[in-house]
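A.B. asks: Before anything else, here's the structure in question.
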Amino acid sequence: MTKNLDLFKQSQEYIPGGVNSPVRAFGSVGGTPIFFKKGKGSKLWDEEGKEYIDYINSWGPMILGHAHPEVIHAVQEVSQESLSFGAPTARELEMAREIVKIIPSIEQVRLVSSGTEATMSAIRLARGFTGRDKIVKFEGCYHGHADSLLVKAGSGALTFGQPSSAGVPVDTAKHTLTLSYNNTKELEELFLSQGNEIACVILEPVVGNMNLIVPSEEFLTTLRSITEKYGALLIFDEVMTGFRVSLGGAQELFGIIPDLTTLGKVIGGGLPVGAFGGRKDIMQKLAPLGPVYQAGTLSGNPVAVAAGLKTLELIQAEHFFEKLTAQTKKLTDGLTQAALDSGIDFCARNVGGMFGLYFSKAPPNSFSDVMSSDREMFNKFFHHMLGLGIYFGPSAFEAGFVSAAHSDSDIEFTIDCAKKAFKNI
Ligand code: KE4
């Protein structure tokens, strides 16, 4: 029995499904999850000593690559002083200043410990600020596992939401309306009928949770104008896209100013940091100033913030995102060409340092497009590449990530492996 399989069997005794987050269990692609022991730069090594080129980057945070020496040093240095105070620190102020500087739509910001906490808090804040209960999300977008966001469309997009998870009360889900991403008509119809009851619209401004989907300009500009018209808040969930698709995130890329933004992943450099922020008049509603309660024992944790601050410092190096974007495009162009040469219906696209791989003739623009791509082919490709030492996300519905540590030889090796895989799937 392989060590990965042995560890997986043992883990299933003590941890539900053997994992601390469902996607890690390989349920979507089948097979045994890999137990990793070490990471350095673009590489990972599993418990059996096998080496992989990592295109998951811990689902986004490891934008500098694994175990970057300066980030490790920052963590080691701060952890000598203490691991946590549960009191304000100058370092948290430095992090807040940095976020406000990089993302101008954020006038004030609060740190939390995960993306879920960030989106959960932003939704509560939007409801508290507007005095309205209804919220709007889009099918296929994932915003963490807060009850209000584990909701799918009801009998019709314009009717009450239904829980997408057991344990979410119908009474909670009914306030969440779920529309189709990139469907401007549906959005206008909903606001025409219920706009004055809507607290906020939350979306991934580049989707990474139903594979990678790019919003149309019409969709984004309508979102901004229609929420403004009806007094609903526009929340950009940039947990994945922040500091990833460009330094200032999707809002910088597309020139759309949301009312609130949620952040995570890169902002912690691999340690638990999330954040939500935006217009000062909205943020002032938060306790201890205002009536919207939100709190956290480890919010602004000194060690996690040290890792995040060093990461934010290093990604502001000159041409960082230009190089990261070019490297990611080299990967997606190379994979697309390899598939074309093998006559496989496959395409790939990138936005900054994140990418999507699709077993379809053209990149998807909607949830239904994604659902019509060939998932079985993806699963075969995934396992073939894994066997060759290339670690893509274990699901056809996840975006992939390139780090600053991915070298030309890493990209070339990946493309060579794909040429073999496309010939054998
Ligand atoms: P966390 O609570 O996992 O830190 O963040 C939730 C979240 C919020 N918003 C967006 C846009 C996200 O992508 C996420 C989390 N992303 C997934 C990857 N698809 C995390 C991986 C996992 O669930 O294990």
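The values are calculated or read from the model by the stated rules, or taken from the named source; none is laboratory data. Predicted model, so just to flag it, every value in this text is computed and none were measured. Cβ atoms come from the backbone with ideal geometry, glycine included; neighbour counts cover every protein chain shown.
A.B. asks: Among the listed residues GLY30, GLY60, GLY65, identify the single one that is loosely packed, with under 15 Cβ neighbours inside 10 Å, in contact (Cβ under 8 Å) with a residue 60 or more places away in the chain and under 24 Å from the mean Cα position of the chain (by Cα). Step through it out loud before you land on a result.
C.D. replies: Details: GLY60 fails: loosely packed, with under 15 Cβ neighbours inside 10 Å; GLY65 fails: loosely packed, with under 15 Cβ neighbours inside 10 Å.
Going through GLY30, GLY60, GLY65 in turn, the sole match is GLY30.
A.B. asks: Determine if region 289-296 includes at least one residue that is under 21 Å from the mean Cα position of the chain (by Cα), more than 16 Å from the ligand (Cβ to nearest atom) and in the same structural domain as GLY140 (by TED's automatic domain parsing). Spell out how you get there, then give the answer.
C.D. replies: Just the residues of region 289-296 that are under 21 Å from the mean Cα position of the chain (by Cα), to begin with: none.
No - not one qualifying residue is present in region 289-296.
A.B. asks: Take the residues in region 68-92 that are without any contact (Cβ under 8 Å) to a residue 40 or more places away in the chain and loosely packed, with under 12 Cβ neighbours inside 10 Å; name whichever of them is farthest from LYS285 (Cα to Cα).
C.D. replies: PRO69
A.B. asks: Would you check which residues across region 175-209 are in contact with a strand residue (DSSP E or B) (Cβ under 8 Å, 6 or more places away or on another chain) and charged (D, E, K, R) and list them?
C.D. replies: Within region 175-209, GLU186, GLU197, GLU204 qualify.
A.B. asks: Tell me which residues, restricted to region 41-65, are closer than 23 Å to CYS417 by Cα and either among the polar types (S, T, N, Q) or touching a Leu at 6+ places or on another chain (Cβ under 7 Å) (or both).
C.D. replies: Of everything in region 41-65, those that are closer than 23 Å to CYS417 by Cα and either among the polar types (S, T, N, Q) or touching a Leu at 6+ places or on another chain (Cβ under 7 Å) (or both) turn out to be SER42, GLU47, TYR52, ASP54, ASN57, SER58.
Here's the yes/no breakdown for (1) within 21 Å of the chain's Cα centre (by Cα); (2) part of a helix (DSSP H, G or I):
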site: PHE321; (1), (2): yes, yes
site: THR332; (1), (2): yes, yes
site: ASP341; (1), (2): no, yes
site: ASP345; (1), (2): no, no
site: ARG349; (1), (2): yes, no
site: PRO364; (1), (2): yes, no
site: ASP369; (1), (2): yes, yes
site: GLU376; (1), (2): no, yes
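A.B. asks: Starting from region 116-132, keep only residues that are more than 12 Å from the ligand (Cβ to nearest atom), then list their pairs with residues that are basic (Lys, Arg) whose Cβ atoms are within a distance under 8 Å, requiring at least 6 positions of separation or different chains.
C.D. replies: LEU125/LYS285; GLY128/LYS285; PHE129/LYS285
A.B. asks: I want to confirm something. Restricting to region 273-288 and keeping residues that are small (Gly, Ala, Ser) and within 22 Å of the chain's Cα centre (by Cα), which single residue is surrounded by the fewest Cβ atoms within 10 Å (Cβ to Cβ)?
C.D. replies: From region 273-288, those small (Gly, Ala, Ser) are 274-275, 277-278, 287; that's our starting set.
With the extra rule that they be within 22 Å of the chain's Cα centre (by Cα), the set shrinks to 274-275, 277-278.
Numbers: GLY274: 27, ALA275: 31, GLY277: 24, GLY278: 27.
My answer is GLY277.
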